[in-house]
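The values are calculated or read from the model by the stated rules, or taken from the named source; none is laboratory data. No experiment lies behind these values; they were computed from the predicted model shown. Cβ: placed from backbone, ideal geometry, glycine included. Neighbour counts: every protein chain shown. Each accessible area value is taken on the protein alone, full model and side chains, heavy atoms only, with ligands, DNA and RNA left out. Shrake-Rupley method; radii C 1.70, N 1.55, O 1.52, S 1.80 Å.
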Amino acid sequence: LEPLPHKAPVGCLPDGSFSRYAGCDRFSQLPVSKKTKDGLIDCKFKTMTDIQRASLPHSLCGRDILGAAKTGSGKTLAFVIPVLEKLYKARWGDEDGVGCIIMSPTRELAGQLFDVLKSVGKHHGFSAGLLIGGRKDVDTEKEHVNSLNILVCTPGRLLQHMDETPNFDCSQLQVLVLDEADRILDVGFKRELNAIISQLPKHRQTLLFSATQTKSVQDLARLSLKDPEYLGVHEES
Ligand code: ADP
Ligand code: MG
């Protein structure tokens, strides 16, 4: 594998200055809204994990991220927090429609991250929906999908809405999250992902997280990220 571009040391901002938040250990030190801080406190999250500490100074200032860290390292909060902050800063509301799409490889993982989003985001007023197929009635979903602010979905179900739901509108999308990207590709969603990404507005922030760095993750990164910060957090050996 060719090495990923590592553009700047951790904590370096696009203008070359060093983020004053780079050395922070606790969520309370981050430049985030009181609503998000209260959600984190309610969930008893205090100290950041390595991938959170490395990525949040960048993602919170709007940059694209390719974050690689093993399973269990806390990647979910590394994207849930910047998603909430992006929509909060944009004063996103009911009328604004879909502002964020979070893609997950399986129904189970989508459900888990949806629960984290709901509990950490509970002081914000955003609406969120879990679009994962299975037994859920797609026709009822089609009536509501445009009124949701945050969509948590598996690629198959999202593509179904893009293809079938009249007036499905994600033209105002602010953030795209590709969670567990290596697994999304492993389970054979490459075609769906490419089709989805090609239909999304190009002006957006994209956060891509993966447990492993594979050739196909790098291909996906090239397709979906703009000038990304690469953050690989690996165990000391
Ligand atoms: P990953 O997606 O990298 O596999 P998760 O985001 O699912 O990891 O987090 C793994 C576990 O660690 C979860 O139980 C989560 O609640 C917990 N966790 C995540 N971040 C923190 C934190 N900053 N402090 C304490 N526990 C955390
Ligand atoms: Mg995860």
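General remarks:
- Criterion (crowded, with 20+ Cβ neighbours inside 10 Å and touching a residue at least 12 places away in the same chain (Cβ under 8 Å)) met by exactly one of 119, 104: 104
- Top-ranked residue of region 52-100 - restricted to ones that are surrounded by fewer than 24 Cβ atoms within 10 Å (Cβ to Cβ) and among the β-branched types (Val, Ile, Thr), ranked as farthest from ligand 1 (Cβ to nearest atom): 98
- Of the set (1) within 15 Å of ligand 2 (Cβ to nearest atom); (2) among the charged types (D, E, K, R); (3) touching a helix residue (DSSP H, G or I) at 6+ places or on another chain (Cβ under 9 Å), all apply to residue 25 but (1).
- So residue 158, is it within 16 Å of ligand 1 (Cβ to nearest atom) and either buried (at least 17 other Cβ atoms within 10 Å of the Cβ) or at pLDDT 95 or above (or both): no
- Number of the condition not met by residue 145 [criteria: (1) open to solvent by less than 20 Å² (accessible area, probe 1.4 Å); (2) touching a residue at least 40 places away in the same chain (Cβ under 8 Å); (3) touching a strand residue (DSSP E or B) at 6+ places or on another chain (Cβ under 9 Å); (4) under 23 Å from residue 62 (Cα atoms)]: (4)
- Checking each residue in region 41-53 for being within 16 Å of ligand 2 (Cβ to nearest atom) and in a helix (DSSP H, G or I) picks out 50, 51, 52.
- Of the residues 33, 19, the single one that is at pLDDT below 95, open to solvent by less than 30 Å² (accessible area, probe 1.4 Å) and more than 16 Å from ligand 1 (Cβ to nearest atom) is 19.
- As for region 104-125, it holds no residue that is part of a loop (DSSP other than H, G, I, E, B) and of a type in the set (Phe, Trp, Tyr).
- Any hit, region 185-200, residues being open to solvent by less than 30 Å² (accessible area, probe 1.4 Å), within 16 Å of ligand 2 (Cβ to nearest atom) and either modelled with pLDDT under 95 or under 19 Å from residue 108 (Cβ atoms) (or both): yes
- Test: residue 134 is open to solvent by 10 Å² or more (accessible area, probe 1.4 Å), small (Gly, Ala, Ser) and either within 14 Å of the chain's Cα centre (by Cα) or away from ligand 1 (no atom under 13 Å from the Cβ) (or both): yes
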